[in-house]
Amino acid sequence: MVGRFPILYIAEADASDAILSSGVLAYMVEAMPQASFTVVGSPKSAPLFTDTPRLDRLIVLERDSRLDWLGLWNKVRETRWGLVVDMRGTTLSAKLKRQKRAVRGAWEAGVHAVEQAARVLQLEDIPAPKLFVSDATRERADALIPDEGVPLLAIGPGADWMGKVWPSERYAKVAVALVGDGGPLEGGRVIVVGDENARDTAHVIRLSLPRNRVTELQGRLGRLETVAAIRRAALYVGADTIWTDLAVASGVPVVAAFGPSDEAEHGPWGGIAVRGPRSVDEYRKIDPNLNQAIQHMNDLPADRVLAAAKKLLAERPGV
């Protein structure tokens, strides 16, 4: 049943983009208790919003064709919306019955995606990315993690392009320094999240620590279950991937290893992006489209990431 103030929220098709903008939806959920929500997303982004409170309907726009948009129009045109928020910047909202609408404008280079999302609603205080997790989702994640009462370190090492892959042994070095003897998370457990491409790094980390101190969750959790798992951690360390975006949306301290990516636009909001000696422009000189089979991340030392991790943990004692 549609609530007293129905809001239509059209999320980005790209899952990472949708995560970075998710603080806007979370802000409305928390600031407008009288509102109910219909969320539109792609097959990749829609599942991120399954557990949104007061969700009337979740609509999956399978493709970006004219026929698909016509189908969406037929699903939403009868409602008189209190507010339409269009993060895709389409013309659909202009044709709908509504009290107000907010539409994303053109991308502004050099401005963080989270800040640009906040501008859609003209918010002065920029809401951090946040994805809602239901009790059922949390329970599914909890069932895979031993309940030992020790600190958790979450690591998301996988990447879908070798240019963003940080060497496995450096993740292992950071993990050992953090949860090993004398580390700030001494005696803790490492959980590895991501897709199957994180398996090799998980294996290296497991061999670097005492037996049974690593829980491999890669390939075993959905995106929201991953958020639930990471929420239990004291710290997350990962690459510039969707798994790091999910960690940001979980609210834990985040350290991300960056290289051929612009942290000014997509860095971990509220966390630390750590890069080696080269700028993004310097990477582009040898890889103009940032798509070649080059291991760009080899010049980022483990000690630099470890220092950032210790800094965050010191700033948030007791996390």
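The values are calculated or read from the model by the stated rules, or taken from the named source; none is laboratory data. Keep in mind the model is a prediction, meaning the values are calculated, not measured. Cβ placement follows ideal geometry from the backbone for every residue including glycine, while neighbour counts extend to all protein chains displayed. Just so you know, the surface numbers come from the protein's heavy atoms only, side chains and all, with ligands and any DNA or RNA stripped out. Shrake-Rupley method; radii C 1.70, N 1.55, O 1.52, S 1.80 Å.
Where does each of 148-161, 223-236 land if you order them by average Cβ count within 10 Å, highest first? Display every interim value, and only then the final one.
Working: 148-161: 21.1, 223-236: 24.8.
Most protected by this proxy first, the peptides run 223-236, 148-161.
Output wanted: per-residue J couplings in Hz (rounded whole) for segment 143-158, from phi through Karplus 6.51 cos²θ - 1.76 cosθ + 1.60, θ = phi - 60°, x for Gly and Pro.
Listing the rounded values in order: 5, 9, 10, x, 9, 10, x, 10, x, 10, 10, 9, 10, x, x, x Hz.
Once you place label points 7 Å from the Cα toward the Cβ at D200 and S279, how far apart are they in nm?
3.2 nm
Can you work out the accessible area per residue across segment 1-151, with the rest of the protein chains kept in place, probe 1.4 Å, in square angstrom?
Values: 7670 Å² over 151 residues.
Using a 1.4 Å probe on heavy atoms only, each residue of segment 1-151 averages 51 Å².
What translational D, rounded to a whole number of µm²/s, comes out for segment 131-245 from Stokes-Einstein when the hydrodynamic radius is the Kirkwood one over Cα pairs, at 4 °C and 1.567 mPa s? Display every interim value, and only then the final one.
On the way: Rh = 14.0 Å.
Translational diffusion coefficient: 93 µm²/s.
Output wanted: per-residue J couplings in Hz (rounded whole) for segment 78-86, from phi through Karplus 6.51 cos²θ - 1.76 cosθ + 1.60, θ = phi - 60°, x for Gly and Pro.
Whole-Hz 3J(HN,Hα) from phi for segment 78-86: 7, 7, 8, 7, x, 8, 10, 10, 10.
Which Cα, out of L70, W107, L144, lies furthest along the positive dipole direction of segment 1-147 (beta carbon charges, K/R +1, D/E -1)?
Working it through, the farthest residue towards the positive pole turns out to be L70.
Run the reach check for K164 against lysines, Cα to Cα strictly under 19 Å, same-chain hits fewer than 8 apart removed. What comes back?
Here the lysines satisfying the reach criterion relative to K164 are K173, K285.
Let's test this: bin the Cα-Cα distances of segment 172-215 at 5 Å from zero up to the farthest pair and state each bin's percent.
Going out from 0 Å in 5 Å bins, segment 172-215 shows 5, 26, 34, 21, 10, 3, 0 percent.
5 Å is the cut-off here: which amide hydrogens, built 1.01 Å from N in the peptide plane, fall below it relative to T90, excluding neighbours closer than 5 in sequence?
So T90 has HN proximity to no qualifying residue.
Rg and Dmax of segment 193-304 over Cα atoms: what are they, in angstrom?
So, for segment 193-304, Rg and Dmax equal 14.9, 44 Å respectively.
Roll a 1.4 angstrom probe over the protein heavy atoms and tell me the percent of accessible area of the chain that is carbon or sulfur. List each step's numbers first, then the result.
Details: 7070 of 14530 Å².
So the carbon and sulfur contribution to the accessible surface is 49 percent.
Using alpha carbon centroids, what distance separates segment 159-188 and segment 56-121, in Å?
The two parts, judged by their Cα centres, are 40 Å apart.
Quick check of the Kirkwood formula: for the chain, what is the inverse mean of 1/r over all pairs of different Cα atoms, in Å?
By the Kirkwood definition, the hydrodynamic radius is 20.5 Å.
Among 98-105, 114-121, 21-28, 177-184, what's the highest-first ranking by average C-beta atoms within 10 angstrom per residue?
On the way: 98-105: 14.5, 114-121: 18.6, 21-28: 23.1, 177-184: 17.0.
Final packing ranking: 21-28, 114-121, 177-184, 98-105.
I need to check one value: relative contact order of the chain, counting alpha carbon pairs closer than 8 Å and at least 6 residues apart, in percent. Spell out each step's value before the answer.
On the way: 652 pairs, mean separation 52.0, N = 319.
Contact order relative to length: 16 percent.
Against the longest alpha carbon principal axis of the chain, how many degrees, from 0 to 90 and to the nearest 10, is the axis of helix 199-208 turned?
So the helix axis and the longest Cα principal axis differ by about 40 degrees.
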